[in-house]
Amino acid sequence: MNEPIFYDAETGESRPVFSAPRRGRPTAQVPAHLLSVSQSWRADRSLTLIVQGRLDLNTVLSFRDAVFSALGERPRRLILDLSPIRLVESAGIATLVTLARVAMLVKVPCHIIASEELNSLFLETGLDRLMETPELSGEVIARKLLLA
């Protein structure tokens with residue numbers, strides 16, 4: 001089916017007229033065994049996203065879309081429960097950095113709940129400075145640095 005064409009006489013430009021607004025780059029659906037994101041609201045208007053699976057090149061776009069949608073809900077606080085996640089590749093780290101910066105821009109505090117492995121990864125990459133992560137004791141930090 002051909003879309004109608006809009007012609008601007010002043011500029012000489014023509015473009016299709018779309019009946020519905022166009023969205024940016026579409027995201028492919030990711031199988032649930034690779035990534036699933038569920039959400040739950042708390043009474044204090046905090047939103048928790050529970051992320052299961054992995055954050056890699058195949059799943060980060062779906063993860064990003066889920067977090068952007070959650071930020072669009074304007075929660076008082078966004079809590080990313082990444083404790084079920086065991087694998088985070090470089091694309092996942094880059095996406096978390098982007099999401100942390102977007103959360104700061106829209107003034108929604110973002111808190112990460114992560115496994116011990118991810119906490120040490122966040123410490124090593126500096127991501128712990130961008131997002132609120134649970135406080136690590138001096139003993140835990142020393143143990144992580146000595147084992148590295």
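The values are calculated or read from the model by the stated rules, or taken from the named source; none is laboratory data. Because the structure is a prediction, the values reported are computed rather than measured. Neighbour counts are summed over all protein chains in view; Cβ atoms, including those assigned to glycine, are modelled from backbone coordinates with ideal geometry.
What the table shows:
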item: Residue in region 91-107 that is part of a helix (DSSP H, G or I), surrounded by fewer than 16 Cβ atoms within 10 Å (Cβ to Cβ), free of Cβ contacts under 8 Å to residues at least 12 places away in the same chain and among the hydroxyl-bearing types (Ser, Thr, Tyr) present; result: no
item: Cβ pairs under 8 Å, 6+ apart, first in region 67-89 and closer than 14 Å to Trp41 by Cα, second among the charged types (D, E, K, R); result: Pro75/Arg45; Arg76/Asp44; Arg76/Arg45; Arg77/Asp44; Arg77/Arg45
item: Only one of Leu55, Leu34, Leu49 that is within 22 Å of Ile79 (Cα to Cα), modelled with pLDDT under 90 and either under 26 Å from the mean Cα position of the chain (by Cα) or surrounded by fewer than 14 Cβ atoms within 10 Å (Cβ to Cβ) (or both); result: Leu34
item: When residues of region 65-83 are limited to those that are surrounded by 14 or more Cβ atoms within 10 Å (Cβ to Cβ) and in a loop (DSSP other than H, G, I, E, B), the one nearest to the chain's Cα centre (by Cα); result: Leu82
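For (1) closer than 16 Å to Leu121 by Cβ; (2) not acidic (Asp, Glu), each residue gets a yes or a no:
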| residue | (1), (2) |
| --- | --- |
| Arg54 | yes, yes |
| Leu57 | no, yes |
| Asp65 | no, no |
| Ala70 | no, yes |
| Pro84 | yes, yes |
| Ala91 | yes, yes |
| Ala94 | yes, yes |
